[in-house]
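Trainee: Attaching a single structure in structure tokens format; questions to follow.
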Amino acid sequence: MLLKIEKRAEYSRVMVYLTPIIALALTVLSSVILFELLGVNPVEALFQFFVAPLDTKYEFSELFVKATPLMLCAIGLSVGFRANVWNIGAEGQLTMGAIVGSSLFIYFPETESVFLLPAMIIMGAIGGAAWAGIPAFLKTRFNANEILTSLMLVYVAILFLSVLVHGPWRDPQGFNFPESQTFSDSADMPILLSGTRLHFGTLLAFLAVLGAWMMMARTLIGFQVKVIGEAPRAGGYAGFSQKKIVWFTLLFGGALAGVAGLSEVSGPIDQVLPSISPGYGFTAIIVAFLGRLHPVGIFFASLLMALTYLGGETAQINLGLPVAVTGVFQGMVLFFLLASDVLVHYRFRLNTARKVAP
Amino acid sequence: MKLKHISSLFGAAAIAAGMLMGSAASAEDKIGFIYVGPVGDHGWTYRHDVGRQAVQKEFGDKVKTTFVESVKEGPDSERVIRQMAADGHKLIFTTSFGFMNPTLKVAKQFPDVKFEHATGYKRADNVSTYSSRFYEGRYVVGKIAGKMTKSNVIGYVGSFPIPEVVRGINAMTLAARSVNPNVTVKVAWVSTWYDPGKEGDAAKALIDQGADVILQHTDSPAPLQVAESRGVWAVGQASDMSKFAPKAQLTAIVDNWDGYYVARTKAVLDGTWKSEDTWGGLKSGMVELAPYNSAIPADVVALAEETRKGIEDGSIVPFAGPFNKQDGSVGAAAGEALDDGVLLGMNWYVEGVEGQLPK
Amino acid sequence: MSGFEWIVPVVLTVITAATPLVFAGIGELITEKSGVLNLGVEGMMLVGAVSGFIAATVTGNYFLAVGAAALAGAIMAFLFGVLTLSLMANQVATGLALTLFGVGLSALMGQEFVGEPVQALAKLDIAGLSDIPFIGPIVFGQDALVYLSFFMVIVVSWFLYKTKGGLILRAVGDSHDAAHSIGYPVIAIRYMAVMFGGAMSGIGGAYLSLAYTPMWAENMTAGRGWIALALIVFATWKPGLVLVGAYMFGGITILQLHAQAAGLNVPSQVLSMLPYLATVLVLVLISKDQSRIRKHAPACIGKIFHPAA
């Protein structure tokens, strides 16, 4: 091979910041081709994807509304991924969090206590954590692979939600349609910015970013997570319990996903519907890696991901581009971002060394 | 250098797009459509998009129709509806039940924009609701199915046990048993509106349990394809699906939103739009029947046509008594008929449907 | 009814439900055996489904159609390979992005083909034996892809455990550093494995659009790619068990529909949960015996390989 990829002795700080820009440039270039092929002015299409969705204060706030569940789930998942615990069932944990959290309102709709919402948030976290606790139990007790168990439990959670919303949780005044009654004020997330949908859940997401950052950098458990992830044997010698880390990371990720679910139902959705999340739990996995499993990176990655969704909607309205284009476009952005990350730890070099026969 | 270049590119883009959008908004009225599925689902959403195209065709340069597809019934729908409203749309159709509350929320903030919500029950000064009495079509189909079945078992592929679907099952069952009292109806719920493989499997299961006419309240033509290959009868859903089952399709219950969409758009353009509740059936043309299969005997076709005309002129009412509920209690007494309120929340089977309705 | 006639149609239904899973599962198995985890199966299946459908519609030739599906799946997998093998991007994230991309791409490609029927893949009548009661239609009356799926399971089994190539593939998956130091081209082998996986996923997709439900509609795989991924872990990376798992999964789905049609009074959603819960249960049962997992699971799965120096 003429071109050689070589590991850097130390990761490149310049590239940490430069690669997203390189990825963006590559996206712009290839989108020109994509949009030309579709017969759309590429400049305008890119404008619709990246700029138009942020026109106004309201639209800007929507970016954070959309990013909130992604951020919460991705932060939770990233801690597990650092420890090589592959929870890919955040979607199910999000759903369970929403169910358990909103059960308080559903069964006590008359409550006007100021403690209702805090209790719902805590119950949401417990619900998500409990659902993630199942893979943790099966992993530590039976060695069952958590990728598979957490994924299977996603479908179970979604179907369970469907049972509730089509059955006992239906709005009594709702002609048997599958949705709950709308939440009362005391069960609603407070709005942060009047005239928008920016809600308290976004603050929780910010808190999660900061908290995870502190935890990974400053605490013993964060240290253990990193050691177990990078060198499980060393962790074993140091006396860190692998099982404990499995439990901790899954419960942590599940709790944050649960909070994400609850803040969706008692934030922008305002009632329990048969579908609570359009796949946030799965998208969050991509977000976690885009953010290089670092809380700050995840913060920006979730905003970027949210932007492509908003951009896709804008492009549909203003340019009539089908939603399929959003998928292709998102795929491209992600490919370039993931690919250009190679430059952080590696460098390309012309292979000048003469080939030596093995 | 690179950065500068990109920013100048965006700058140019902003100007270009700004000009384009500015000119577009002033020349024509924008009519928006929000779909729950992809326009390529060949079912529910596809028919709404056909309606949108009818509007575009009817009014040509006077309107610009826009749509957003695959909008999830969660927090996204409110944003998309709001974005359309803020973007200067005059009239916005939100075409799924789950868009009800988001539509009302946005409508409150944009009193000058008109909204039309499909299949819901909440209205406001600037929010109308509309739906189709698909059950009228299913009643006609029931007469055909009752006559065509030899095994006296009719299979029904259901999506979710909501009133809309239950109403269809009941109407079909009443009609089938009115011409053939031995008919029983088996239902298989697939817990999805759209999964061709699973819908097809459900049809197979029903056929294996003796059904020789298959109806469906899911979106894909898979159950018809199964019926075609197994040599039993089937009824299409949402569109004429005879292409997928030329031999098996008896007829199809076709959603036709074209007329309604054109009329409501015209009302907005004329300034005569009012908040209304439209629940149109065969008479209004919102529900149509695809051409009858030529294999249906003439007397059965005559019976079906008689039923259809009867429903249109009001002489036949599908949910007129006397009939019993599944548990043997009275559904409607002789000389009575269920009113729309009961129909809207229907959550019980009529006599003749097997199995218990999942609650 | 005199007894067991109902078995034949049920078995036939299970076969069609299981076949796409067998293809996707057996392909991904090879990918994973080489030490690569590609979560983009759903996306590759969809692109395969639409490519196969388009080729069948345009040419009317089903060999070409299946070939096109395999090629399309392999190209998608190649893209994944470039990112994860050459550029060392994270496999989990890239696989998920591949699915996003595949869902969108297939919808774009298929725009003109929605609502168009296509002739279903013909059922064969091998040696005129499909009329034999009971066994005939099941054993001798399937379409060619069903036989191909069984054939592939046998071939993959044989390849993995009876050939030198299989040995090398497993070595690469178990310890890429060791394999590299012996002189095996780790990256090239993984490219081949990943592309084989893509090709099989593509054919699995085409089975949906050409045989199972002969039509194209967006997102028609409806989550089967994910189930295929689950099957491999379920099967502890053994080809034969992938086959068993696919048929079990298909079987449970079909049985719950039958139970409903027979009037069983349980919410349909609960019945729909059964296949997933069963997978978890079986997984727990087989995972208890850790030695079995260790024997068959590729040790390097998901890990990035960069030849040191």
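Trainee: Check A:Ala67 against each of (1) surrounded by fewer than 24 Cβ atoms within 10 Å (Cβ to Cβ); (2) in contact with a helix residue (DSSP H, G or I) (Cβ under 7 Å, 6 or more places away or on another chain) and name the one condition it does not meet.
Mentor: Every condition holds for A:Ala67 apart from (1).
Trainee: Suppose the filter is over 20 Å from the mean Cα position of the chain (by Cα) and either closer than 23 Å to B:Arg167 by Cβ or at the interface with chain C (Cβ under 9 Å from one of its Cβ atoms) (or both); does B:Gln216 pass it?
Mentor: Values: over 20 Å from the mean Cα position of the chain (by Cα): no; either closer than 23 Å to B:Arg167 by Cβ or at the interface with chain C (Cβ under 9 Å from one of its Cβ atoms) (or both): yes.
It is false that B:Gln216 is over 20 Å from the mean Cα position of the chain (by Cα) and either closer than 23 Å to B:Arg167 by Cβ or at the interface with chain C (Cβ under 9 Å from one of its Cβ atoms) (or both).
Trainee: Suppose we keep only residues that are among the small types (Gly, Ala, Ser) and surrounded by 23 or more Cβ atoms within 10 Å (Cβ to Cβ) within segment B:129-154. Which one would you say is modelled with the lowest pLDDT?
Mentor: Here is the first cut: in segment B:129-154, the residues among the small types (Gly, Ala, Ser) are B:131-132, B:137, B:142, B:145-146, B:151.
Remaining after also requiring surrounded by 23 or more Cβ atoms within 10 Å (Cβ to Cβ): B:132, B:137, B:142, B:145-146.
Working: B:Ser132: 93, B:Gly137: 96, B:Gly142: 97, B:Ala145: 97, B:Gly146: 97.
Restricting to residues being among the small types (Gly, Ala, Ser) and surrounded by 23 or more Cβ atoms within 10 Å (Cβ to Cβ), the top hit is B:Ser132.
Trainee: Sticking with this structure for a sec: For segment B:318-359, how many residues meet the condition of being part of a strand (DSSP E or B) and within 14 Å of chain C (Cβ to nearest Cβ)?
Mentor: Start the filter on segment B:318-359 by keeping residues that are part of a strand (DSSP E or B), which leaves B:320-321, B:323-325, B:330-332, B:334, B:337, B:350, B:353.
From the residues that got through so far, the ones that are within 14 Å of chain C (Cβ to nearest Cβ) too are B:353.
Count: 1.
Trainee: For segment A:112-123, state whether one or more residues are at negative phi, part of a loop (DSSP other than H, G, I, E, B), open to solvent by 40 Å² or more (accessible area, probe 1.4 Å) and of a type in the set (Phe, Trp, Tyr). Please lay out each step first, then the result.
Mentor: In the first step, residues of segment A:112-123 are kept if they are at negative phi; the result is A:112-123.
The next check asks that each one be part of a loop (DSSP other than H, G, I, E, B); those that pass are A:112-115.
Adding the requirement that they be open to solvent by 40 Å² or more (accessible area, probe 1.4 Å) leaves A:112-115.
Next cut, of a type in the set (Phe, Trp, Tyr) only: A:115.
Yes, segment A:112-123 has at least one match.
Trainee: Looking at segment C:263-274, is at least one residue open to solvent by less than 50 Å² (accessible area, probe 1.4 Å), at pLDDT 80 or above and more than 9 Å from chain B (Cβ to nearest Cβ)?
Mentor: yes
Trainee: Count, please, the residues in segment B:90-124 that happen to be within 24 Å of the chain's Cα centre (by Cα) and within 12 Å of chain A (Cβ to nearest Cβ).
Mentor: Residues in segment B:90-124 being within 24 Å of the chain's Cα centre (by Cα) and within 12 Å of chain A (Cβ to nearest Cβ): 15 in total.
Trainee: Is it the case that some residue within segment C:245-256 is under 18 Å from B:Pro223 (Cβ atoms) and either more than 14 Å from chain B (Cβ to nearest Cβ) or of a type in the set (S, T, N, Q) (or both)?
Mentor: yes
Trainee: Restricting to segment C:69-114, name every residue that is open to solvent by less than 20 Å² (accessible area, probe 1.4 Å), in contact (Cβ under 8 Å) with a residue 24 or more places away in the chain and either β-branched (Val, Ile, Thr) or within 30 Å of B:Ser239 (Cα to Cα) (or both).
Mentor: C:Ala69, C:Thr84, C:Val92, C:Thr94, C:Thr99, C:Gly102, C:Ser106, C:Ala107, C:Gly110
Trainee: Further, regarding this structure: Is it true that some residue in segment C:282-291 is more than 30 Å from C:Val58 (Cα to Cα), away from chain B (no Cβ under 14 Å) and within 19 Å of the chain's Cα centre (by Cα)? Give the steps one after another, and end with the answer.
Mentor: Residues of segment C:282-291 more than 30 Å from C:Val58 (Cα to Cα): C:282-291.
From what is left, the residues that are away from chain B (no Cβ under 14 Å) are C:282-291.
From what's left, within 19 Å of the chain's Cα centre (by Cα): C:283.
Taking every residue of segment C:282-291 in turn, at least one turns out to be more than 30 Å from C:Val58 (Cα to Cα), away from chain B (no Cβ under 14 Å) and within 19 Å of the chain's Cα centre (by Cα).
Trainee: Scan C:Trp216, C:Trp237 and give me the residue that is within 13 Å of chain B (Cβ to nearest Cβ), open to solvent by less than 40 Å² (accessible area, probe 1.4 Å) and either of a type in the set (Asp, Glu) or part of a loop (DSSP other than H, G, I, E, B) (or both).
Mentor: On the way: C:Trp237 fails: within 13 Å of chain B (Cβ to nearest Cβ).
Only one candidate qualifies: C:Trp216.
Trainee: Tell me yes or no: at least one residue of segment A:241-258 is open to solvent by 10 Å² or more (accessible area, probe 1.4 Å), more than 12 Å from every other protein chain (Cβ to nearest Cβ), of a type in the set (Gly, Ala, Ser) and assigned to a loop (DSSP other than H, G, I, E, B).
Mentor: yes
Trainee: Quick check on my filter: what residues within segment B:179-190 are touching a helix residue (DSSP H, G or I) at 6+ places or on another chain (Cβ under 7 Å) and over 21 Å from C:Trp216 (Cα atoms)?
Mentor: Applying the first criterion (touching a helix residue (DSSP H, G or I) at 6+ places or on another chain (Cβ under 7 Å)) to segment B:179-190 yields B:179-180, B:183, B:185-190.
The answer is B:Val179, B:Asn180, B:Val183, B:Val185, B:Lys186, B:Val187, B:Ala188, B:Trp189.
Trainee: Taking C:Leu167 as the residue in question, decide whether it is modelled with pLDDT under 85 and open to solvent by 20 Å² or more (accessible area, probe 1.4 Å). Spell out the reasoning first.
Mentor: Numbers: modelled with pLDDT under 85: no; open to solvent by 20 Å² or more (accessible area, probe 1.4 Å): yes.
No, not satisfied.
Trainee: While we're on this one: Answer yes or no as to whether B:Phe33 is facing chain A (nearest Cβ under 9 Å), under 22 Å from the mean Cα position of the chain (by Cα) and of a type in the set (Phe, Trp, Tyr).
Mentor: no
Trainee: How many of the residues making up segment B:190-208 are open to solvent by 10 Å² or more (accessible area, probe 1.4 Å) and modelled with pLDDT of 90 or more? Give the steps one after another, and end with the answer.
Mentor: Going residue by residue through segment B:190-208, those that are open to solvent by 10 Å² or more (accessible area, probe 1.4 Å) are B:191-195, B:198, B:204, B:207-208.
Pick out the ones that are also modelled with pLDDT of 90 or more and you get B:198, B:204, B:207-208.
Looking only at that region, the number is 4.
Trainee: So, one more: So B:Gln237 clears everything in (1) in contact with a Leu (Cβ under 9 Å, 6 or more places away or on another chain); (2) in contact (Cβ under 8 Å) with a residue 40 or more places away in the chain; (3) within 22 Å of B:Tyr156 (Cβ to Cβ); (4) in a loop (DSSP other than H, G, I, E, B) except one condition, right? Which one?
Mentor: The one condition B:Gln237 does not meet is (4).
Trainee: Continuing with this model, one more query. What's the number of the only condition in (1) assigned to a loop (DSSP other than H, G, I, E, B); (2) under 30 Å from B:Ser191 (Cβ atoms); (3) within 14 Å of chain B (Cβ to nearest Cβ) that A:Gly195 fails to meet?
Mentor: (2)
Trainee: Conditions: (1) under 21 Å from B:Val140 (Cβ atoms); (2) part of a helix (DSSP H, G or I); (3) open to solvent by 10 Å² or more (accessible area, probe 1.4 Å); (4) small (Gly, Ala, Ser). B:Ala227 meets all but one. Number of the miss?
Mentor: If we test B:Ala227 against (1) under 21 Å from B:Val140 (Cβ atoms); (2) part of a helix (DSSP H, G or I); (3) open to solvent by 10 Å² or more (accessible area, probe 1.4 Å); (4) small (Gly, Ala, Ser), just (3) comes out false.
Trainee: Filter segment B:80-90 down to the residues that are touching an Asp or Glu at 6+ places or on another chain (Cβ under 7 Å) and open to solvent by less than 10 Å² (accessible area, probe 1.4 Å) and list them by number. Before the answer, list the steps.
Mentor: Step one: list which residues in segment B:80-90 are touching an Asp or Glu at 6+ places or on another chain (Cβ under 7 Å), which gives B:80, B:83, B:90.
Within segment B:80-90, B:Val80 is the sole residue that qualifies.
Trainee: Across segment B:265-280, what is the total count of residues that are out of contact with any helix residue (DSSP H, G or I) (no Cβ under 6 Å at 6 or more places or on another chain) and open to solvent by less than 20 Å² (accessible area, probe 1.4 Å)?
Mentor: Restricting attention to segment B:265-280, the residues satisfying the condition of being out of contact with any helix residue (DSSP H, G or I) (no Cβ under 6 Å at 6 or more places or on another chain) are B:266-272, B:274-280.
From the residues that got through so far, the ones that are open to solvent by less than 20 Å² (accessible area, probe 1.4 Å) too are B:267, B:280.
Count: 2.
Trainee: Can I ask one more? Just a yes or no: is a residue in segment A:171-180 within 14 Å of another protein chain (Cβ to nearest Cβ) and modelled with pLDDT of 90 or more? Walk me through how you get there before you give the answer.
Mentor: Going residue by residue through segment A:171-180, those that are within 14 Å of another protein chain (Cβ to nearest Cβ) are A:171-180.
After this cut, where a residue has to be modelled with pLDDT of 90 or more as well, the list is A:180.
Checking segment A:171-180: at least one residue is within 14 Å of another protein chain (Cβ to nearest Cβ) and modelled with pLDDT of 90 or more.
The values are calculated or read from the model by the stated rules, or taken from the named source; none is laboratory data. Note that this is a predicted model, so its numbers are computed, not measured. Every residue, glycine as well, gets a Cβ built from its backbone with ideal geometry; the counts of neighbours run over all protein chains shown. What goes into the accessible areas is simple: the full protein's heavy atoms, side chains included, and nothing from ligands, DNA or RNA. Shrake-Rupley method; radii C 1.70, N 1.55, O 1.52, S 1.80 Å.
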